[in-house]
Amino acid sequence: MATVLILGATSDIGQAIAVKFAKKGYDLQLAARNINDISALRSDCSIRYGVSCTVHPFDATATDSHEPFYASLPVTPDITVLVFGYMDENELVTRDSKKLMNTINVNYTGAVSVLNIISRDYIRRNKGVIAAISSVAGERGRAANYIYGSAKAGLTAYLSGLRNEAFSHHVHVATILPGFVYTRMTENMKLSPLLTATPDLVADAVFRAVTKKKDIIYVKWFWKWIMFIIRSIPEFMFKKMKI
């Protein structure tokens, strides 16, 4: 059975994705900054689903460590799922340079760094699948979260270009756009139940993108049309709106 590398396995979404693939019989490589936080997940997936499950220390912001990290994996993963991300209140991020750079480095720089290494290997091998969690926040800059949104916009553009390059090398690249998700990262936000997905729903979307070779998936389909409307608002009007 194929092996899935999950980058950011401690997150609520990462854990849901791990369980989804383990249920289907995929072997797992769980990567996170603190591997102690995923020891229970490792045991649960190994025992309950009878799959091989290894854990590996990984720091998205330590870009110098990304090549040694990938080289140290016991087997080359057939599928890579990038889940990690960082978001804080935009007002705090604009006032705190550490939070500002962390937002950029986790959501864009770190993501591109590790995916560039993995995609080069996949392209050389002429096989592999990459699925990455981006965000609808990257589809148009909004006053509420434009630092986070700009980093995700960069990631979405990177994935689009990589997908274009990798296709002729039999490598599939999927972009997952969840919208709002009930997680620890959003627990202090007032979210609309209609617009908000669960980690399990995101995991289902990732699995579908990987197995059905989908290019872009909006976890809740109507986000595609919500963002179409938002992108269509003329700039002279949009700049006056607080959304």
statement: For ARG142 and ALA2, extending 7 Å from Cα along the Cα-Cβ vector and measuring point to point gives, in nm, a value of 3.3 nm
- prompt: Hey, of [x] 17.1; [y] 11.1; [z] 13.3, which did the structure itself give for mean projected area of the Cα convex hull in nm² when calculated?
  reply: [z]
- line: Here, ILE230 and THR61, labelled 7 Å along Cα→Cβ, have an inter-label distance in nm of 2.6 nm
task: Using the number of other C-beta atoms within 10 angstrom as an exposure proxy, rank ARG163, ARG33 with the fewest first.
output: ARG33, ARG163
- prompt: If you take the beta carbon distance between ARG125 and ASP200 as r and set R0 to 25 Å, what does 1/(1 + (r/R0)^6) give as a FRET efficiency, to the nearest 0.05?
  reply: 0.20
- line: Per GNM of the chain with C-alpha springs under 10 angstrom, the most fluctuating residue out of ALA144, ALA22, ALA174 is ALA144
- prompt: What dipole magnitude, in Debye to the nearest 20, does segment 3-238 give about its Cα centre under +1 on Lys/Arg Cβ and -1 on Asp/Glu Cβ?
  reply: 640 debye
- prompt: So what is the 222 nm mean residue ellipticity for the chain from helices alone, if each DSSP H run of at least 4 adds -39500 (n - 2.57) and you divide by all residues, rounding to the nearest 500 deg cm²/dmol?
  reply: -13500 deg cm²/dmol
Exposure proxy ranking, count of Cβ atoms within 10 Å, fewest first, for THR175, THR109, THR156: THR109, THR156, THR175
message: Cut-off 10 angstrom, C-alpha nodes, Gaussian network model of the chain. Which of LYS152, LYS220, LYS24 fluctuates the most?
response: LYS24
field: Two-site FRET efficiency, THR211 against SER43, from Cβ-Cβ distance with R₀ of 25 Å, rounded to 0.05
entry: 0.45
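Read the figures in this text as sums done on the coordinates, not as results from a lab. Treat the numbers as computed from the prediction; the structure is a model and nothing was measured. Glycine gets a Cβ as well: all are built from the backbone with ideal geometry, and neighbour counts include every protein chain shown.
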